[in-house]
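Note sheet for the following structure.
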Amino acid sequence: MQGYIYPNEFELQWSLLIVLYPYITGLVAGAFILASLERVFNVKEVQPTYRLSLLTALAFLLVATLPLLAHLGHPERSYEIFMTPNRQSAMAMFGFVYAWYLMVVLLVEIWFDYRKDMVAWYRDSKGFKRWLYYALTLGSTDISEKALRFDDSAGRWITIIGIPSAFLLHGYVGFIFGSVKANPWWSSVLMPVVFLFSAIVSGIALVLLLYMITTLFRWRPINMACLDKLAQFLFYALVVDFSLEMLDFLHRLYESEESIEILSQMIQSRLFLSLIVLQILLGTVIPLVTLGLFSPGLKRGGFVKVRPEAKQLVYLACAVLIQIGIFSIRWNVVIGGQLFSKSLRGLTVYKVEFLGIEGLAMTLGLLFLPFVILWILVKVLPPWTDQEVGRLAKATG
Amino acid sequence: MPEQVPRLLAVFLTASVALVIARSLLVPDTFGDIGHYRAAATDSVVAHQKKYAGHQECALCHGQIQEMRLAGNHRGVRCEVCHGPAANHVSNPLEVKPPAPQDREFCTLCHEYNASRPTGFPQIDPADHNPHVPCIACHEPHAPEPPGMPGDCSACHGQIARQKAVSHHSAVPCTTCHQTPDEHKVNPRSVRPSKPTERDFCGACHAQERLAGIPQIDLTAHNPAYLCWQCHYPHYPGTS
């Protein structure tokens, strides 16, 4: 503790789990927006990641609420926000935003996209798997050309609805923080937009990582055109994200409200590592410069020409650094907003506990869980578009 | 209509019907009648067994103490704050006696020094202030007054006093630097002690070569535009 703080500010109320929540939600929104690139904006190069993006979004969405439930401590009461919806509370309305996104957008889009394959797998399988796939098709086994055309068209429309929904999902998370008018670190109308673009950055970086790792483990060659396109969009999203953050920063500096002194003290002391080093330097500037040089974002083929294998390593490193940077953004927003006193005269400290319901072990567990879910989803609904799956579909379709 | 549509609609319809049924079963009947809560909750609260009697009930038997309290500094502290819920005592005064806390820890819940408490609110440092003596040995709890005016500045300014006690200025009494009218002890906010306004005041010790062991400076050359305490914290000198 440093300086003067009010007695009720000594202990932070929003812990590491609340850092995890916007991080995971951002990955969901980002992965979905990446999927929409192929579907709506017809970016054919990223097609190999389309289904992987959707499954990633689903796997992370299924876990997105768990940090909140663990933090609040009474998961058995969570259904009440659906039973007695409170329209005056932004937090209470999250349940509906979440349900809309899960049920109307993500599941339906995945269903339409996979229906043809699920019918093929149903016809090709035996025993439990056969019934599983039949249940997943909801009994709709018509794969005539007309039916498939409808699937495609419906999928496209759902993606079009899905883009504003993804914006709503993550913009909402930023809104929750941005609307806390008593907290000068949070209170900003730019917050939902900054959250949204950082979500897009993190989602693209995650899918890029997953695409490279899964391709590696499947002993398949990496599609460099796809990877370059992903890196290109990652670069553009990062440019917008960084510009918005700097705009927010400059705006605060120029406004120089009474809180500016304690906030600058906080940045120079408590948040130096997580904000200056991890978020800005390692998580933004280095990937930005590297992607600017190596990706086709500014020049076809990139400014620096290297062998594809080396380029893959560069992209991999950038994606990892960006993930660290985005997690740091969430940390700096959530924890930073509670480190300074509302008296603007002192700073407190936050020590992460290891065990316990809000500890590091729980956070790591919840961070690992989406990957387990994704592994199961990939087993049930293989997203690969290479010959192996294609041949199976063709043989049975 | 393509067959996918009715299948999907069936799923959503089932989910919607399930939600409606769940709502009709789980949402209490009176929910929302008054506000965003179960209106009958107020009846449930009323039905709870009464534990507190209210200070008016106490006054019926303990009128003298009540008068004393209402005229004193604890006029805002109701009887049951210290003596606990007294409904049982009121209904059975001879057999059920409310507790009368005598521990120092009880009084220090409100009166221990805490920087967030308003200036002028009586606060003590229990480690320094007559340790081991029960508070009620000196202070009448129903109409507490300090036994006299605070004899020592540390009674209210404990944090400064403790810091000064371990500083180079430990031997310098507060009143050497602060001219403190007696009225300050009664109205600490409206009548404030003075602070040194001249550099020569500190120079009396720190610009005299004859005082060995005390840091000496040349008042004319050492940042003449500033008062000494603008750079040197006088309660813990040596820091700036």
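Look through the range B:112-122, keep the residues that are out of contact with any Gly (no Cβ under 7 Å at 6 or more places or on another chain) and at pLDDT 80 or above, and return whichever of them is nearest to the other protein chains (Cβ to nearest Cβ).
Pass one, the range B:112-122, residues out of contact with any Gly (no Cβ under 7 Å at 6 or more places or on another chain): B:112, B:114-122.
Cutting the leftovers down to at pLDDT 80 or above gives us B:112, B:121-122.
Details: B:Glu112: 12, B:Phe121: 14, B:Pro122: 18 Å.
The extreme case among them is B:Glu112.
Being surrounded by fewer than 19 Cβ atoms within 10 Å (Cβ to Cβ), outside any helix (DSSP H, G or I) and free of Cβ contacts under 8 Å to residues at least 60 places away in the same chain is the requirement here; does A:Leu273 meet it? No: the conditions fail for A:Leu273. Scanning the range A:80-113 for residues that are touching a residue at least 40 places away in the same chain (Cβ under 8 Å) and among the acidic types (Asp, Glu) yields A:Glu109, A:Asp113. Every condition in (1) free of Cβ contacts under 8 Å to residues at least 24 places away in the same chain; (2) on the phi < 0 side of the Ramachandran plot; (3) away from every other protein chain (no Cβ under 14 Å) is met by A:Asn42 except one, and the failing one is (2). Among the conditions (1) farther than 26 Å from B:Pro118 by Cα; (2) among the hydroxyl-bearing types (Ser, Thr, Tyr); (3) surrounded by 13 or more Cβ atoms within 10 Å (Cβ to Cβ), B:Thr180 misses just one, which is (1). Filtering the range B:1-60 to residues that are within 14 Å of chain A (Cβ to nearest Cβ), part of a helix (DSSP H, G or I) and among the charged types (D, E, K, R) leaves B:Arg7, B:Arg23.
Among the residues making up the range A:192-233, those that are surrounded by fewer than 18 Cβ atoms within 10 Å (Cβ to Cβ) and of a type in the set (Lys, Arg) are A:Arg218, A:Arg220.
Evaluated against (1) surrounded by fewer than 22 Cβ atoms within 10 Å (Cβ to Cβ); (2) in contact with a Lys or Arg (Cβ under 8 Å, 6 or more places away or on another chain); (3) within 23 Å of B:Phe12 (Cα to Cα), A:Asp113 falls short on exactly one condition, (1).
Out of all the residues in the range A:178-192, is one or more among the polar types (S, T, N, Q), touching an Asp or Glu at 6+ places or on another chain (Cβ under 7 Å) and at pLDDT below 95? Looking for residues that are among the polar types (S, T, N, Q), touching an Asp or Glu at 6+ places or on another chain (Cβ under 7 Å) and at pLDDT below 95, one finds at least one in the range A:178-192, hence yes. Would you point out the residue of the range A:59-104, among those that are closer than 30 Å to A:Asp142 by Cα and more than 13 Å from chain B (Cβ to nearest Cβ), that is nearest to the chain's Cα centre (by Cα)? The qualifying residue nearest to the chain's Cα centre (by Cα) is A:Leu61.
Restricting attention to the range A:39-56, the residues that are of a type in the set (D, E, K, R) and surrounded by fewer than 21 Cβ atoms within 10 Å (Cβ to Cβ) total 2.
Would you call A:Ala29 farther than 28 Å from A:Arg270 by Cβ and modelled with pLDDT of 95 or more? No. Count of the range A:110-147 residues, restricted to those that are in contact with a helix residue (DSSP H, G or I) (Cβ under 7 Å, 6 or more places away or on another chain), more than 10 Å from chain B (Cβ to nearest Cβ) and either of a type in the set (Ser, Thr, Tyr) or under 30 Å from A:Ile33 (Cβ atoms) (or both), is 14.
The values are calculated or read from the model by the stated rules, or taken from the named source; none is laboratory data. Because the structure is a prediction, the values reported are computed rather than measured. When we count neighbours, we look across all protein chains shown, and the Cβ atoms used for this are built from the backbone with ideal geometry, even at glycine.
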